[in-house]
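Inspection log for the structure reproduced underneath, given as structure tokens.
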Amino acid sequence: MDITLSQCFISVNDHDAALAFYRDGLGLEVRNDVVFEDMRWVTVGAPAQPDVDIVLEPPGVNVGASPADRRVMAELLAKGALRGVIFATDDCDATFDRIARIGGEVVQEPMDQPYGVRDCAFRDPAGNLLRFAQRR
């Protein structure tokens, strides 16, 4: 039985700002952009990984989420308290420089970690934590 990753989800509160960061800044390609019932989902992905999608979705769109639940999710997103994503890179320092140049909020400059990677961290425009790791 083969199991592979197909999609992961990142909550964003401004799809245009997210596109400027993920598409224009990181170089991910837009694969889908859908509006449904006053909400928007944008799917992006790395050209080198055509089978893995990142869905940029509004906070709190889980099935059955109440308006109060959605407000709480939006507040957590604004605080940067939701989970993010770890991207692999072949050059952590160059990736850091590129993201810093486009205005990414630096959380951690590149450093060697004891678990075998060199990594750095940023927050995207919505506050999600994104790490960029290079295997040593």
Open item on the list: Every residue in the stretch 1-38 that is surrounded by fewer than 11 Cβ atoms within 10 Å (Cβ to Cβ), farther than 25 Å from F96 by Cβ and not aliphatic (A, V, I, L, M), please.
Closed with: D2, T4, S6, F36, E37, D38
Open item on the list: Checking the conditions here, which among D69, D38, D33, D14 is out of contact with any strand residue (DSSP E or B) (no Cβ under 8 Å at 6 or more places or on another chain), within 26 Å of T95 (Cβ to Cβ) and of a type in the set (D, E)?
Closed with: D14
Task: Conditions (1) modelled with pLDDT of 95 or more; (2) surrounded by fewer than 16 Cβ atoms within 10 Å (Cβ to Cβ); (3) in contact with a helix residue (DSSP H, G or I) (Cβ under 6 Å, 6 or more places away or on another chain); number of the one not met by I102 - done: (1)
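Taking the stretch 51-79 as the region of interest, how many residues are more than 18 Å from L19 (Cα to Cα), without any contact (Cβ under 8 Å) to a residue 60 or more places away in the chain and not polar (S, T, N, Q)? Show your work before the answer.
Taking the stretch 51-79 first, the residues more than 18 Å from L19 (Cα to Cα) are 51, 60-76, 79.
Next, only the ones that are without any contact (Cβ under 8 Å) to a residue 60 or more places away in the chain stay: 51, 60-72, 75-76, 79.
Keeping just the survivors that are not polar (S, T, N, Q) gives 51, 60-61, 63-65, 67-72, 75-76, 79.
Looking only at that region, the number is 15.
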Open item on the list: Checking the conditions here, which among R118, R71 is outside any loop (DSSP other than H, G, I, E, B), in contact with a helix residue (DSSP H, G or I) (Cβ under 8 Å, 6 or more places away or on another chain) and of a type in the set (D, E, K, R)?
Closed with: R118
Open item on the list: Just to be sure I understand the filter: pairs with C-beta atoms under 6 Å, separated by 6 or more residues or on different chains, first member in the stretch 93-118 and in contact (Cβ under 8 Å) with a residue 60 or more places away in the chain, second member surrounded by 17 or more Cβ atoms within 10 Å (Cβ to Cβ) and of a type in the set (A, V, I, L, M). Which pairs pass?
Closed with: none
Open item on the list: Being of a type outside the set (D, E, K, R), out of contact with any Phe, Trp or Tyr (no Cβ under 7 Å at 6 or more places or on another chain) and at pLDDT 85 or above is the filter here; which residues of the stretch 38-55 pass it?
Closed with: W41, V42, T43, G45, A46, P47, A48, Q49, P50, V52, I54
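The values are calculated or read from the model by the stated rules, or taken from the named source; none is laboratory data. Small disclaimer: the values here were computed from a predicted structure and weren't measured. A quick note on method: Cβ atoms are made from the backbone with ideal geometry, for glycine too, and the neighbour counts reach across all protein chains shown.
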